[in-house]
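The values are calculated or read from the model by the stated rules, or taken from the named source; none is laboratory data. What you see is a predicted model; the values in this text were computed from it and never measured. Cβ coordinates were reconstructed from backbone atoms using ideal geometry, including for glycine residues, and neighbour counts include every protein chain displayed. For the accessible areas, the whole protein counts, side chains as well, though only heavy atoms, and no ligand, DNA or RNA atoms are used. Shrake-Rupley method; radii C 1.70, N 1.55, O 1.52, S 1.80 Å.
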Amino acid sequence: MPDEIGPKLRRLREARRLTLRQLADQVGCTGAHLSQIENGHASPSIATLKRIAAALGVNIVDFFTDDDSEEPVVTRVDSRREVSLGNWNARIQQLVRSTRGKMMQPFYTVVAPGGGSHEPYSHAGEEFGIVLKGTLTITVGEKTYRVGPGESFYYSSRIPHQWVNQGDQDVEVVWVVSPPTW
């Protein structure tokens, strides 16, 4: 996925007339690291990508989508957009083409064994999900929960949270973030 993020990051940064160093100072990393991301030689962590998005005034999903002027009512499986980060070992598909003007951001997520965010992150809003297959381990604040098939979860995204598949089979989750901040 770094190949998809890099060119979009560069376009967004240049459109705002920011140098690598200026953006790096806002994000709290080095210009060299941002350059590696832009050139597809590094994959950012979720925390870094969130800081980059915030500094650029966009959502994470904007690194993976093109500008669409018309939103279809139905999103077909073959029209879903991948917004996965390579180091997560999870396939995350946006269930709507664009979140512009929407109050929710739904995803279909398949987390491979050992995959997950692996670090706590937080953002404005709330999250809801339902596990369709497998067992997802979610840590919200200091508490850890194991969520199995048919079970759902709901929490404030402002609380640092992380998720991981500790099992030996894929975990499938329908995940909704509100408002769209991811």
### Query
Has region 35-44 got at least one residue that is modelled with pLDDT under 90 and either touching a Ser or Thr at 6+ places or on another chain (Cβ under 6 Å) or within 27 Å of residue 169 (Cβ to Cβ) (or both)?
yes
### Summary
Those residues of region 82-104 which are modelled with pLDDT of 85 or more and either surrounded by fewer than 18 Cβ atoms within 10 Å (Cβ to Cβ) or closer than 15 Å to residue 174 by Cα (or both) amount to 82, 89, 90, 91, 92, 93, 94, 95, 96, 103, 104
### Task
Go through region 103-121 and give me each residue that's of a type in the set (A, V, I, L, M, F, W, C) and not in a loop (DSSP other than H, G, I, E, B).
107, 110, 111
### Summary
When restricted to 176, 171, 164, the only residue touching a strand residue (DSSP E or B) at 6+ places or on another chain (Cβ under 8 Å) and farther than 19 Å from residue 50 by Cβ is 171
### Task
Out of 63, 107, report the one residue that is in contact with a strand residue (DSSP E or B) (Cβ under 6 Å, 6 or more places away or on another chain), closer than 12 Å to residue 182 by Cα, open to solvent by less than 60 Å² (accessible area, probe 1.4 Å) and in contact (Cβ under 8 Å) with a residue 24 or more places away in the chain.
107
### Task
For region 126-165, enumerate the residues that are in contact (Cβ under 8 Å) with a residue 40 or more places away in the chain and either part of a loop (DSSP other than H, G, I, E, B) or not aliphatic (A, V, I, L, M) (or both).
126, 127, 128, 129, 160, 161, 162, 163, 165
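Step by step: first the residues of region 110-136, then only those that are of a type in the set (Val, Ile, Thr) and crowded, with 17+ Cβ neighbours inside 10 Å, then the one that is farthest from residue 50 (Cα to Cα). Which residue is that?
We begin by selecting, within region 110-136, every residue of a type in the set (Val, Ile, Thr); these are 110-111, 130-131, 135.
In the following step, the residues that additionally are crowded, with 17+ Cβ neighbours inside 10 Å were identified as 110-111, 131.
Numbers: 110: 21, 111: 20, 131: 25 Å.
Checked region 110-136; the qualifying residue farthest from residue 50 (Cα to Cα) is 131.
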#### Entry: Subset of region 71-102 [under 26 Å from residue 137 (Cα atoms), assigned to a loop (DSSP other than H, G, I, E, B), out of contact with any helix residue (DSSP H, G or I) (no Cβ under 8 Å at 6 or more places or on another chain) and not β-branched (Val, Ile, Thr)]
80, 84, 89, 95
